[in-house]
Amino acid sequence: MALDNLRTLEVSPLWIIPFILLLLFIAIAPFIHRHWWEKNYPIVSFSLGLLVLLYYLFNHNASRMGHTALEYFSFISLLASLFVVTGGFLIHLKTTATPLVNTLFLLFGAIIANIIGTTGASILLIRPYLRINKPRLKDYHVIFFIFLVSNIGGVLTPIGDPPLFLGYLRGVPFFWVIKNLWSNWILGVGLTLLVFLGFEISTYLGVREKSEPNRHEAEKARLEIKGRKNAFFLLLILIAVFIVTPWREIIMLSVAAIAYLSADKKILQENEFNFTPIKEVAILFAGIFATMTPALDWLELNSSKIGLHTPGHYYWATGSLSSVLDNAPTYLNFLSAALGLKQASVAELLERYPIFVKAISAGAVFFGAMTYIGNGPNFMIKSIAEHSGAKCPSFFGYIIKYSLPILFPIFTIIWCLFYRTG
């Protein structure tokens, strides 16, 4: 998925406008006229994407857009296969969703995100998480799940998040990440969980009198897992991640097809499984991948001209753009910029200036939580939650109500402690 063997051509900043328009539609249209958006979002996404696609194919850089198409195919193959396979799991956590239970649940999700990836952990755990919280489900339950399981938690291994996997393919050793970013993980996850616990305690105490937990029921708390054969299918998908394209995608989609055809229909029914969430994600991200290509090309060619000199600069720049662009190519572009800045190879950069790679890695992974489109699982979790009856904030509501007042201060603390100097 790296861009090493492609020639990037200069592109006018005007071609970034379709990407901005698509982001505005995603942010504003559901708020202004939800029913119109639900009916017409495919037209909007495909129209804006097609505009950029035709320009690249016939007038600019056809090979670049071909590579973008392959990246999209890899992206949606992973999401779709994980969506289908985890849909065949039925996890019943029979317990009362107390603040402590929910906090431990999210901590567990943040840990296993490094083993099965943020996408795998998100899709596997969101349904049981929604089920145990159904009696008092609030929008913040979904948002903090996205913060911790879909993003921040996956910063410890190359499997955890796509940017780190691309770094691994570029020469960053597998265990370098956990050795250098464990303190970032502890602080990021710890502070976010602390804020979540504050939300939980205040709302839990408010509803406790109306729905007093059944003490007898709490004593019988247990975990029940059905569809365990899907663990084998999940393992195959994770192994396929390390295989070259197109065999990677062929294996993933084949495994997904076998898993779906052999799934227990009762489990699918209990999970309220349908293809609507993955269809919505596939359509919107088709437009996003196409329209963001000029933005990424411009960034790659001009990143050295925008005054990036310190680790802090790279942390904020990588993070800010990872909030609205795909964080994987954003990571690669800023890694390339850092290599150019220091006139070093990846090995030399890791040995002499490791803080730059740390800053780029943390920025790419953490800031993916800032918006619904910052990381692939975010929009998927929103869609699954809404189809399960949960109410999620709008695009701007997510940012204004949650990510800016909660994540921005936490990420600023991380910057102060780790990347302010160096």
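Read-outs throughout are calculated quantities, based only on the coordinates presented, and are distinct from any laboratory measurement. Since the model is a prediction, treat every value here as computed from it, not as a measurement. As a convention, Cβ positions derive from the backbone with ideal geometry for all residues, glycine included, and neighbour counts pool all protein chains shown.
Here is how the numbers come out for the structure above:
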item	result
Label corresponding to Cα extents along the principal axes in Å when calculated from the structure given, among [x] 68, 51, 44; [y] 66, 45, 44; [z] 69, 62, 37	[y]
Spatially proximal lysines relative to LYS401 (Cα-Cα < 29 Å; intrachain offsets below 8 disregarded)	LYS39, LYS134, LYS138, LYS210, LYS279, LYS358, LYS382, LYS391
Under 11 Å, Cβ to Cβ, from PRO329 - net charge with Lys/Arg +1 and Asp/Glu -1	-4
Loop trypsin sites (Lys or Arg not before Pro), the range 342-422, which have at most 13 other Cβ atoms in a 10 Å radius of their Cβ (DSSP)	LYS391, ARG420
Helical segments meeting 27 Å axial Cα length and Kyte-Doolittle -1.0 threshold in the chain (DSSP H)	34-55, 62-87, 176-208, 276-302
Under 12 Å, Cβ to Cβ, from ASP297 - net charge with Lys/Arg +1 and Asp/Glu -1	0
Radius 11 Å from Cβ of GLU38, net charge of other residues (Lys, Arg +1; Asp, Glu -1)	0
Residue of ILE373, ILE28, ILE76 that the Gaussian network model of the chain assigns the largest fluctuation, springs spanning Cα pairs under 10 Å	ILE28
Cα→Cβ-extended label distance, 7 Å offset, between ILE225 and ILE186, nm	2.8 nm
Relative contact order %, the chain, counting alpha carbon pairs below 8 Å whose residues are six or more apart	26 percent
Lysines with Cα under 19 Å of LYS226, excluding same-chain neighbours fewer than 8 positions away	LYS94, LYS265, LYS266
Two-site FRET efficiency, GLU386 against LYS342, from Cβ-Cβ distance with R₀ of 35 Å, rounded to 0.05	0.20
Simple spin-label estimate for ILE250 and LEU404 in nanometres, 7 Å along Cα-Cβ	4.9 nm
Length gained when the stretch PHE275-ILE201 is fully extended (0.36 nm per residue, less Cα-Cα span)	23.1 nm
Qualifying GluC sites (Glu not before Pro) for the range 220-315 [loop in DSSP, other Cβ within 10 Å: at most 14]	GLU272
Orientation-averaged projected area, Cα convex hull of the range 311-412 (nm²)	6.6 nm²
The chain - mean residue ellipticity at 222 nm from DSSP helices (-39,500 (n - 2.57) per run, n ≥ 4, rounded to 500)	-22000 deg cm²/dmol
